[in-house]
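The values are calculated or read from the model by the stated rules, or taken from the named source; none is laboratory data. Predicted, not measured: the structure shown is a model, and the values here were computed from it. In this analysis, Cβ positions are derived from the backbone assuming ideal geometry, glycine residues included, and neighbour counts consider all displayed protein chains. Remember, those area values only see protein heavy atoms, side chains included, never the ligands or the DNA or RNA. Shrake-Rupley method; radii C 1.70, N 1.55, O 1.52, S 1.80 Å.
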Amino acid sequence: MDFDLAYLMAQGPALMRGLWLTVQVSLISIVLSVLVGLLGAAVRVLEVPVLDRVVAAYVEFIRNTPMLAQLFFIFYGLPGIGLKLSLFWSGVLCLTLWAGAYQIENLRGGLATVGKGLREASYALGLTPWRFFHLVAAPLAIRVALPAMLNTAISLLKNSSYLQAIGLAELTYVAIDRISMDFRTLEMFAAICVIYLALVLVLSFLASRLEFRLNAPFRH
Amino acid sequence: MSAEPLISLRGLEKRFGAFQALHGIDLDVEAGSVVVLIGPSGSGKSTLIRCINGLVRPDAGSLSVAGRSVDLGDEGAWQRLRTEIGMVFQDYALFPHLTVLRNMTLAPMRRLGLSRAEAEAQARALLARVGLAHKAEDFPGALSGGQQQRVAIVRALAMRPKAILFDEPTSALDPETIVDVLDVMRGLARDGTTMVVVTHEMGFAREVADRVVFMAEGAIVEEGPPDALFGAPLHARTQAFLSLLRPTSEALHA
């Protein structure tokens, strides 16, 4: 048994830099993917002509192709048509598009629980379909969809490790980079697993606080 | 004042697939009057009042409100019309994630352009009118069915509508709270609110209605003042319907 804690401590600063990049890319992508989810779900539920087909096709494409292929397409493929993004923003775009598709489906499920009665009541008050969506339907749907949306956010966070494949120096990249020099596989992989676990636990905790606050109107 | 009716329907038709829900409905509602629609389930009462504010789009016929004819195919026209005609539903349909106060200020702020302070002052005054001023900060789930329905009524009033449509407003309530809701509706009628009410409360219809309309199979069978329609119905279909109801209809006459 040869677990070199001193070695791991010495890698602390490098791991922290990777961790910081992982946190940045993940948080930005989580926020953007929820926005994609809300917009996409609105388009589907309000049956916006043409656009709802586009959204449906987008969801099918993302769900039925590997994320790594999507990532390579964005980073290596898009420059072929003149769209060259930085490493960081390629990563954000990939994670946002990937998780956005799942958030659309999560929110569609939540929206299905919002009754026809509330839609009629909103329209009867003169509210437009869009106002019904963002003032009534979406706030209610998010409450129902929150557990599924958290799952998607957790998957996004973990899938950010794929970004090492294009050379973004996030947490997993740092670990592999060090291993290629020092061959300390046990220490480095153990370290990043613990860090990912901690990140997911923090995310879950934040989501549970949000869920508690959102459900205040339903506790009597 | 003009003698022209506030709401006027002519030759209104509605189909759902192969099912003809409404056959050539003609109906006038005078400003300040209470028109009560009665009839068996499936007779088209709820469809008819939904055609008045476009929640159900009529297929043919004409509708005019306050002398303006409504373009049946224009969603924008329906949306404008709905700010002028309120509606109260059987299941209250309050927004469960918003407080009572927010339920009542949402549309007036968005559609009438009231400031938050104006909308809240109006909402509190209306809540006081139905004895629910102390519930302003509560969420709908904390209220009884009768209280929720009273909030739904004043939520509609907060839009300062020309008329209010009621779709079986007491059908989901227990007998004790029905009285509270009917009292509020009586008060509205006394104040001259134009109302079109679908209900099975025959006591209420007899007492408050200026005109009772009996529907069956998607058509108006007969209509008239409550004394005439309840006291001496002309059609066999009306007589049959009323004879079934009579044993219970007087029970809740307040």
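In the stretch A:5-28, the count of residues that are in a helix (DSSP H, G or I), under 20 Å from residue A:147 (Cβ atoms) and either open to solvent by less than 70 Å² (accessible area, probe 1.4 Å) or of a type in the set (Ser, Thr, Tyr) (or both) is one or more.
Yes/no matrix, rows are residues, columns are (1) open to solvent by 40 Å² or more (accessible area, probe 1.4 Å); (2) within 30 Å of residue A:17 (Cβ to Cβ); (3) part of a helix (DSSP H, G or I):
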{"site": "A:83", "(1), (2), (3)": "yes, yes, no"}
{"site": "A:97", "(1), (2), (3)": "yes, yes, yes"}
{"site": "A:131", "(1), (2), (3)": "yes, no, yes"}
{"site": "A:144", "(1), (2), (3)": "yes, no, yes"}
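Tell me which residues, restricted to the stretch A:180-220, are of a type in the set (S, T, N, Q) and either within 14 Å of chain B (Cβ to nearest Cβ) or not in a helix (DSSP H, G or I) (or both). If the condition is that a residue be of a type in the set (S, T, N, Q) and either within 14 Å of chain B (Cβ to nearest Cβ) or not in a helix (DSSP H, G or I) (or both), then A:215 is the only one that fits. For the stretch B:145-167, which positions are more than 11 Å from chain A (Cβ to nearest Cβ), open to solvent by less than 30 Å² (accessible area, probe 1.4 Å) and not in a helix (DSSP H, G or I)? Scanning the stretch B:145-167 gives B:163, B:166. Checking each residue in the stretch B:121-140 for being open to solvent by 50 Å² or more (accessible area, probe 1.4 Å) and outside any loop (DSSP other than H, G, I, E, B) picks out B:121, B:124, B:125, B:128, B:129, B:133, B:134.
Within the stretch B:110-120, the set of residues being open to solvent by 10 Å² or more (accessible area, probe 1.4 Å), modelled with pLDDT of 95 or more and assigned to a helix (DSSP H, G or I) comprises B:116, B:117, B:118, B:120. Taken as a whole, the condition of being in contact (Cβ under 8 Å) with a residue 40 or more places away in the chain, open to solvent by 30 Å² or more (accessible area, probe 1.4 Å) and small (Gly, Ala, Ser) does not apply to residue A:160. Of the residues A:22, A:65, the single one that is farther than 27 Å from residue A:177 by Cβ and of a type in the set (S, T, N, Q) is A:65.
What are the residue pairs meeting all of these: first residue in the stretch B:185-202, first residue free of Cβ contacts under 8 Å to residues at least 24 places away in the same chain, second residue open to solvent by 10 Å² or more (accessible area, probe 1.4 Å), Cβ atoms under 7 Å, and 6 or more apart or on different chains? Once the first residue is free of Cβ contacts under 8 Å to residues at least 24 places away in the same chain and sits in the stretch B:185-202, its partners that are open to solvent by 10 Å² or more (accessible area, probe 1.4 Å) give B:186/B:208.
Taking every residue in the stretch B:70-91 that is under 21 Å from residue B:171 (Cβ atoms) and pairing it with any residue that is hydroxyl-bearing (Ser, Thr, Tyr), at least 6 positions away or on another chain, the pairs with Cβ-Cβ distances below 7 Å are B:90/B:171. In the set (1) touching a residue at least 24 places away in the same chain (Cβ under 8 Å); (2) closer than 24 Å to residue A:162 by Cα, the condition left unmet by residue A:60 is number (1).
Go through (1) open to solvent by 20 Å² or more (accessible area, probe 1.4 Å); (2) in a helix (DSSP H, G or I); (3) in contact with a helix residue (DSSP H, G or I) (Cβ under 9 Å, 6 or more places away or on another chain); (4) farther than 30 Å from residue B:101 by Cβ for residue B:177 and report which single condition fails. The failed condition is (4). Is one or more of the residues making up the stretch B:25-43 within 12 Å of chain A (Cβ to nearest Cβ) and either closer than 17 Å to residue B:165 by Cα or of a type in the set (A, V, I, L, M) (or both)? Checked the stretch B:25-43: no residue is within 12 Å of chain A (Cβ to nearest Cβ) and either closer than 17 Å to residue B:165 by Cα or of a type in the set (A, V, I, L, M) (or both). Restricting attention to the stretch B:73-107 and to residues that are aliphatic (A, V, I, L, M) and part of a helix (DSSP H, G or I), the residue that is nearest to the other protein chains (Cβ to nearest Cβ) turns out to be B:107.
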